[in-house]
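Participant: Sharing a structure, written as structure tokens. Questions coming.
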There are 2 protein chains.
Amino acid sequence: MDNLIVHKYGGTSVANADRIMYVAKNIAKVCDQGNRVVVVVSAQGHTTDRLLEKASGIAFDVDRRELDMLLVTGEQQSAALLAMALQSIGKPAISLNAAQVGIEATSVHFNAQIKRIQTKRLTAELDKGKVVVVAGFQGINRHGDMTTLGRGASDTTAVALAAVLEAQLCEIYTDVDGIYTADPRIVPNAKRLNSITYDDMLELAASGAGVLHSRAVEMAKRYNVNLVLRSSMNDTPGTIIKEDIGVERLTVSGLAIDRNVARVSVTGLPDIPGVAYSIFNPLAKEKIIVDIILLSVGKGDKRDYSFTVNKQDLCAACKILEDNKEQIGFDCITTDENLAKLTIVGAGMANNSGVAAAMFESLFECGVNIETISTSEIKISVLIDERNITKAAKAVHSKFEPMLSEDYTETED
Amino acid sequence: MDNLIVHKYGGTSVANADRIMYVAKNIAKVCDQGNRVVVVVSAQGHTTDRLLEKASGIAFDVDRRELDMLLVTGEQQSAALLAMALQSIGKPAISLNAAQVGIEATSVHFNAQIKRIQTKRLTAELDKGKVVVVAGFQGINRHGDMTTLGRGASDTTAVALAAVLEAQLCEIYTDVDGIYTADPRIVPNAKRLNSITYDDMLELAASGAGVLHSRAVEMAKRYNVNLVLRSSMNDTPGTIIKEDIGVERLTVSGLAIDRNVARVSVTGLPDIPGVAYSIFNPLAKEKIIVDIILLSVGKGDKRDYSFTVNKQDLCAACKILEDNKEQIGFDCITTDENLAKLTIVGAGMANNSGVAAAMFESLFECGVNIETISTSEIKISVLIDERNITKAAKAVHSKFEPMLSEDYTETED
């Protein structure tokens, strides 16, 4: 759609009346430049956490269908408040929830995926000259029940709307002013990138750089949505995420840290076909996401598997394995929670054999032992002792700083 | 539907996790007696007021369509929480909002009326053995937009559901334990009624006895729904509201006080046909509810009208009249905000000419001047100085106490 721009504002950006008015004025400015605007909002501030607390006040383990009914109200509230704010400064606006838009999603409560988005109501309201404010994070399943798309999934709502409406641009407004080469709280001389490719962003997001929801980046890549991450607090242009960033691809575009890593080791497994299936199928059935998988080199007729999960899934994963001990046929399970993952990402890495070696060298120089290594075409991840993560991040970042220098903007204070 | 009971719980009854669990256990008890239960809930505690504050933090006068989008979230939250509570004690339950049930309403935001209720989803969930928890106070209009049914209208939702599902009984659980012959906070020796007719309850509700929403009573009468008002805090049986209360109708069944009364006087009107229309049609168009209308006896070719409205509508009413001054052709408008309305209600009144006289006598005895009198077949209302309302209520109540004695239960402490 010509001149259509999708904006997304996170919870901090709409936390109170003042911030909502600031957002409304930002949208009005974009409208006054001749654009049509669809806005996706998250719930205000800590609303979602407060609603989760209410639910846990009722029962320890609540039905996810009902939890979704409860949680979706947060986004509906902020959508209505932003529509009021836009109207109060003379911009016609209307808020719509997922049922009213027709954001059709799968039935998996709490972690649903968007299947289809109806555009009839959206385009009708846009054609009336209105700013359409859509409640993020939510969908409806085929029974008409509300589902939620996972924490942080309002980004995904925004990109999906930009895709179906063929928007010119999808701007994700947040409390940071772009994608950095590393988390500036940990690596103070991290640089803001002016642009990054979908693939690099995807690896960064998947590796724990919490700025953008990785499903949103995936979808942006698939539908070629021009994505911009920028601050709702100032006018910094932010970081453009797109297919081709127009310059020579950087060898390394960024570094990510993930402290939410636990390792499970399953030892004494028989060395026969079907063992991996017997371990990972029951985990997948319970929606436990497994990250790095390592298979030991065989010794005798026994082999060991180890894999990483999110810390909060560790207990559940162990229980599932114990429940299936007979079928899997292992000796014992050991776990390690004191790990963190350090990842470097870069599309140019595949053609540059020295990158892995340089990363290992810098870790060696600062005396950090590597527990596990995992590589893909465009990233290298290592698991290390969690206590060493800051030291390691700084060391690796300074090693690659010359390579990061082609496309950055100085960090502002 | 056989063995179907509709419950309604107000905001105080679901104000926190403890109260919600108490309500869940009450419902479970009713289920265990072999009943199917549909529950209607209001928003928790002061949620609606807090949401209204949020809206007024954005703008002074907000769009009612957006206000409704904001407000309906309160009831959806308490419905989800109650469904979780029921599940936690082993009772299958599901929460549904107005869109999911299909509660079709008019498009008048903030004061919509229910037009039709779909029963397909409701009966499907009941047939699965579930308690269905419905978000009260809300409907959807023909565009699929959320509308609200007016403050206190969750009662109406409950009665409407009882009507379409042909429930055996509709129990309204609240923070008082029944209908009293007068407000016990003002008249300490007021008595709780075991039963009252629809008509008497209607007049009491319409006259300011805030216990039951008058639209709910109207609907109960029209569809002959057995209505019970009782406490969610204790086991007092409450007051039954039905067509025929089975005993000789009381001459006077209760007394109501309404402090939310303002009077508008329009003077110097021409004594020609069409004047009343020219005054009240513009008011009706703006949904201003006019209560007592008084037309002065003619003097010369000029006449005066006076009428009462809710205090919050006073400014709007005056503005509308001023805007139409030319067409109406009046001299001036005067207003009085320091009034209150005292009403006695009783189906037996029509056959007992002494009731009005006895009321006026008791007001005379306590030295209260009457500003306006309005009567119907089953009620008598007087407007008096607001400062005298407690004195007047006590005097009138003690005058009629012998008549009230046939069907009451002692007030509990």
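Participant: From the label point of A:K29, set 7 Å along Cα to the beta carbon, how far off in nm is each other copy's matching point, shortest first?
Facilitator: 6.1
Participant: Give the order of B:T174, B:T308, B:T181 when sorted by the count of other beta carbons within 10 angstrom, beginning with the fewest.
Facilitator: Lowest to highest Cβ neighbour count: B:T174, B:T308, B:T181.
Participant: Tell me which of B:N234, B:A153, A:V261 sits at the most positive position along the dipole axis of the protein assembly as shown, charges placed on C-beta atoms (Lys, Arg +1; Asp, Glu -1).
Facilitator: Looking along the dipole axis, the top candidate is B:A153.
Participant: Okay, next question. Placing +1 at every Lys and Arg Cβ and -1 at every Asp and Glu Cβ, with all other atoms neutral, what dipole size does the stretch A:259-364 have around its Cα centre, in debye to the nearest 20?
Facilitator: That gives the stretch A:259-364 a dipole magnitude of about 200 debye.
Participant: With angles folded into 0 to 90 degrees, how steeply does helix A:17-32 sit against the dominant principal axis of chain A? Use alpha carbons for both and round to 10.
Facilitator: The two axes meet at around 70 degrees.
Participant: Can you give the net charge of the other residues whose Cβ lies under 15 Å from the Cβ of B:A79, counting K and R as +1 and D and E as -1?
Facilitator: Once positives and negatives cancel, what remains is +1.
Participant: Label position 7 Å from Cα toward Cβ: report the copy-to-copy distances for A:T375 in nm, one decimal, ordered from shortest.
Facilitator: With the label placed 7 Å along Cα→Cβ, A:T375 yields 10.1 nm.
Participant: Now a separate question. Between the stretch A:131-175 and the stretch A:101-125, how far is it from one alpha carbon centroid to the other, in angstrom?
Facilitator: 8
Participant: Suppose only helical runs count, i.e. DSSP H with n ≥ 4. What mean residue ellipticity at 222 nm does that imply for chain B under -39500 (n - 2.57) per run, divided by all residues and rounded to the nearest 500 deg cm²/dmol?
Facilitator: Calculated from helices alone, the mean residue ellipticity at 222 nm is -11000 deg cm²/dmol.
Participant: Which chain B residue hugs the B-A rotation axis most tightly by its Cβ, and what is that distance in angstrom, to the nearest whole number?
Facilitator: Result for the B and A rotation: B:T73, 2.
Participant: Please report, for B:L294, the nm distances (one decimal) from its label point, 7 Å out from Cα along the beta-carbon direction, to the equivalent points in the remaining copies, shortest first.
Facilitator: The projected label point of B:L294 is separated from its counterparts by 9.1 nm.
Participant: How much FRET efficiency would the formula 1/(1 + (r/R0)^6) give for A:M233 and B:L295, where r is the Cβ-Cβ distance and R0 is 56 Å, rounded to 0.05?
Facilitator: Calculated transfer efficiency: 0.35.
Participant: Further question: Can you sort B:D155, B:D200, B:D244, B:D258 so the residue with the fewest Cβ neighbours within 10 Å comes first?
Facilitator: The fewest-first ordering by Cβ neighbours comes to B:D244, B:D258, B:D200, B:D155.
Participant: Hey, rough spin-label estimate for A:E243 and A:I333, points 7 angstrom out along Cα→Cβ, what's it come to in nanometres?
Facilitator: It is 4.4 nm.
Participant: So how strong a dipole does the protein assembly as shown carry about its Cα centre when Lys and Arg Cβ are +1 and Asp and Glu Cβ are -1, to the nearest 20 debye?
Facilitator: Dipole size: approximately 860 debye.
Participant: Specify whether the C-alpha gyration tensor of chain B places it in the rounded, prolate or oblate class, a ≥ b ≥ c being the square roots of the eigenvalues: rounded for a/c under 1.5, otherwise prolate if a/b is larger than b/c and oblate if not.
Facilitator: Cα axes put chain B in the oblate bin.
Participant: Can you tell me the order of A:121-128, A:215-222 when each peptide is scored by its average per-residue count of other Cβ atoms within 10 angstrom, highest first?
Facilitator: Packing order, densest peptide first, comes out as A:215-222, A:121-128.
Participant: If you take the beta carbon distance between A:Q312 and B:R185 as r and set R0 to 56 Å, what does 1/(1 + (r/R0)^6) give as a FRET efficiency, to the nearest 0.05?
Facilitator: 0.65
Participant: Angle, helix B:314-323 long axis vs. longest principal axis of chain B, Cα atoms, 0 to 90°, nearest 10?
Facilitator: Approximately 60 degrees, to the nearest 10.
Participant: For the charge dipole of the stretch A:22-148, defined by +1 on Lys and Arg C-beta atoms and -1 on Asp and Glu C-beta atoms about the Cα centroid, which residue among A:Q100, A:L126, A:L86 has the Cα displaced farthest towards the positive pole?
Facilitator: It is A:L126.
Participant: Right, next: Provide the net charge surrounding B:L67, with neighbours chosen by a C-beta distance below 11 Å and charges set as Lys +1, Arg +1, Asp -1, Glu -1.
Facilitator: So the surrounding residues net to -1.
Participant: Placing unit charges on C-beta atoms (Lys and Arg positive, Asp and Glu negative, everything else neutral), compute the dipole magnitude of chain B about its Cα centre in debye, rounded to 20.
Facilitator: Approximately 1000 debye in magnitude.
Participant: Something else now. If we sort A:137-147, A:73-83 on the protection proxy, mean other Cβ atoms within 10 Å, highest first, what's the order?
Facilitator: Going by the mean number of other Cβ atoms within 10 Å, highest first, we get A:73-83, A:137-147.
Participant: Right, here's the next one. Which angle from 0 to 90°, rounded to the nearest 10, does the C-alpha axis of helix B:389-404 make with the longest principal axis of chain B?
Facilitator: Long axis of B:389-404 versus the principal axis of chain B: about 70 degrees.
Participant: Obtain the nm distance between the two label points defined at A:K325 and A:D32 by a simple spin-label model: each point lies 7 Å from its Cα along the Cα-to-C-beta direction.
Facilitator: Reported label-point gap for A:K325 and A:D32 is 7.0 nm.
Participant: Would you mind checking which residues have amide H under 5 Å from A:R36's amide H? H placed 1.01 Å from N; only 5 or more apart, or other chain.
Facilitator: Here the answer is A:L4, A:I5, since their amide H atoms fall under 5 Å of that of A:R36.
Participant: Let me ask you something else. If R0 is 41 Å, what FRET efficiency do you get for A:N16 and B:N226 from their C-beta distance, rounded to 0.05?
Facilitator: Efficiency at R0 = 41 Å is approximately 0.30.
Participant: Put a dot 7 Å past each Cα toward the Cβ at A:I89 and B:N260; how far apart are the dots in nm?
Facilitator: 3.5
No value in this document is a laboratory result; all are computed from the given coordinates. Bear in mind the structure is a predicted one, so any value in this text is a computation, not a measurement. In this analysis, Cβ positions are derived from the backbone assuming ideal geometry, glycine residues included, and neighbour counts consider all displayed protein chains.
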